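Here is the structure we will look at.
The values are calculated or read from the model by the stated rules, or taken from the named source; none is laboratory data. It should be emphasised that the depicted structure is a prediction, and the values quoted were computed from it without experimental measurement. Neighbour counts run over all protein chains shown; Cβ positions are idealised from the backbone, glycine included. Surface areas here come from the heavy atoms of the whole protein model, side chains and all, with no ligands, DNA or RNA. Shrake-Rupley method; radii C 1.70, N 1.55, O 1.52, S 1.80 Å.
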Amino acid sequence: DGGITQSPKYLFRKEGQNVTLSCEQNLNHDAMYWYRQDPGQGLRLIYYSQIVNDFQKGDIAEGYSVSREKKESFPLTVTSAQKNPTAFYLCASSISQNQPQHFGDGTRLSIL
Amino acid sequence: QKEVEQDPGPLSVPEGAIVSLNCTYSNSAFQYFMWYRQYSRKGPELLMYTYSSGNKEDGRFTAQVDKSSKYISLFIRDSQPSDSATYLCAIFSGGYQKVTFGTGTKLQVIP
């Protein structure tokens, strides 16, 4: 089945630790995105990538980093510089940037 | 003023009712409109996508866009308990501009 796979479903981070969230898609989509979802707020864009080896900062990129070495993969690293990392993280992809986005089932990150 | 406003609810309706979910937006450049359904602890699922004023129907779901009023709606006919979820509107202007999401309306359909 085609889709977007995020792993792990739940992740715990210790103070000062970097953690990486995985996002893989087999939809052959060019564009991929990372969002953060907090209660009472809309989805906020962290980073996006239109093509392999290229990515741009979204609205809340501070404390996060990404890479796009393969078309199907767009991992997100939450660094120790992100002081409020507890949230639900969603990865999405679309055929191109001006087409509807399709989402994975998210990773919930919490602080130990 | 937020770019997209959406009543957070919760909205509780009896099974079989017609549900109306709404969003207003401020930027007249927005041209593309989407509705997503999100179950608890899951990612949003695309329900409807439209880029013109008027109605678009898909089964029990109808998306309505009124660009003159900057108002979009999602109607659900014959609502079912399985429709209980949070519904997000999403809007963008195209041309490689980012998508703006509403905060979501939580719907509960009571058997």
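Checked against (1) touching a Leu at 6+ places or on another chain (Cβ under 8 Å); (2) surrounded by 14 or more Cβ atoms within 10 Å (Cβ to Cβ); (3) within 13 Å of another protein chain (Cβ to nearest Cβ); (4) not hydroxyl-bearing (Ser, Thr, Tyr), residue B:21 meets all criteria but (3).
Screening residue B:79 on (1) crowded, with 18+ Cβ neighbours inside 10 Å; (2) hydroxyl-bearing (Ser, Thr, Tyr); (3) within 14 Å of chain A (Cβ to nearest Cβ) shows it passes everything except condition (3).
Taking residue B:6 as meeting all but one of (1) more than 14 Å from the chain's Cα centre (by Cα); (2) crowded, with 17+ Cβ neighbours inside 10 Å, write down the number of the exception. Status for residue B:6: all satisfied but (1).
Among residues of segment A:1-25 that are more than 14 Å from chain B (Cβ to nearest Cβ) and outside any strand (DSSP E or B), those with a beta-carbon under 6 Å from a residue that is surrounded by fewer than 12 Cβ atoms within 10 Å (Cβ to Cβ) and of a type outside the set (Lys, Arg) at least six positions away or on a different chain give the pairs A:14/A:112.
Here residue A:94 passes the criteria (1) within 22 Å of residue B:100 (Cβ to Cβ); (2) touching a Pro at 6+ places or on another chain (Cβ under 9 Å); (3) at pLDDT 95 or above except the one numbered (3).
Taking segment A:80-108 as the range and being touching a residue at least 24 places away in the same chain (Cβ under 8 Å), surrounded by fewer than 16 Cβ atoms within 10 Å (Cβ to Cβ) and away from chain B (no Cβ under 14 Å) as the test, the residues that pass are A:80, A:86.
Kindly evaluate residue B:43 against the criterion of being within 21 Å of residue A:42 (Cβ to Cβ), open to solvent by less than 60 Å² (accessible area, probe 1.4 Å), of a type outside the set (D, E, K, R) and in contact with a strand residue (DSSP E or B) (Cβ under 9 Å, 6 or more places away or on another chain). So that I can check it myself, show each step before the final result.
Numbers: within 21 Å of residue A:42 (Cβ to Cβ): yes; open to solvent by less than 60 Å² (accessible area, probe 1.4 Å): yes; of a type outside the set (D, E, K, R): yes; in contact with a strand residue (DSSP E or B) (Cβ under 9 Å, 6 or more places away or on another chain): yes.
The answer is yes for residue B:43.
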